[in-house]
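The values are calculated or read from the model by the stated rules, or taken from the named source; none is laboratory data. As the structure is a computational prediction, the values presented were derived from the model and not from experiment. Note: ideal-geometry Cβ built from the backbone for every residue, glycine included; neighbour counts use all protein chains shown. Protein only, heavy atoms only, side chains kept; ligands, DNA and RNA dropped before computing areas. Shrake-Rupley method; radii C 1.70, N 1.55, O 1.52, S 1.80 Å.
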Amino acid sequence: MGARGAFVDVNMEDFTFVKGGQQYQSIGMSGEVKVLIQTKGGVKAPEFSHTPNRVYAVVQDGKLKHIAYYDDKHKQAVSIDLLHEHKGVKPHRHEYMSHNKNDPGIPPTPAEMALIRRIKKEYGLQ
């Protein structure tokens, strides 16, 4: 598994990994959510998914760091950041890869919060 710019050309459906691109490892599933850890480097939610309409949970150092939702074109549609604030909101969500400092702090939906609690409980995460 790889991501965050690790594919040659996701728009042309070329999911060949770029040498040196960020790599992730699946540690299991929570329902339809694939739970990942990054094998090296800084931990960021993947920008792209091999599977359209996928949801990933990204773990860093025993903590759930991100929940990321992907659209039918394999691109990240929503990222929920759990370990830092944005405009006083923690956790918060970003839509369509926008992490603009001027974006409002948007809290996760009740359904997203339920998913976060379930994954943390299943995997013993903070």
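Counting just the residues of segment 74-88 that are touching a strand residue (DSSP E or B) at 6+ places or on another chain (Cβ under 9 Å) and open to solvent by 30 Å² or more (accessible area, probe 1.4 Å), which one comes out farthest from Pro46 (Cα to Cα)? Result: Lys87. Scanning segment 3-35 for residues that are modelled with pLDDT under 90, open to solvent by less than 20 Å² (accessible area, probe 1.4 Å) and within 24 Å of Glu112 (Cα to Cα) gives Ala3, Tyr24.
Looking across Gln126, Gln76, one residue alone is in a loop (DSSP other than H, G, I, E, B) and closer than 20 Å to Ser30 by Cα. It is Gln126. How many residues does segment 91-117 hold that are open to solvent by 90 Å² or more (accessible area, probe 1.4 Å) and over 16 Å from the mean Cα position of the chain (by Cα)? So the count comes out to 3.
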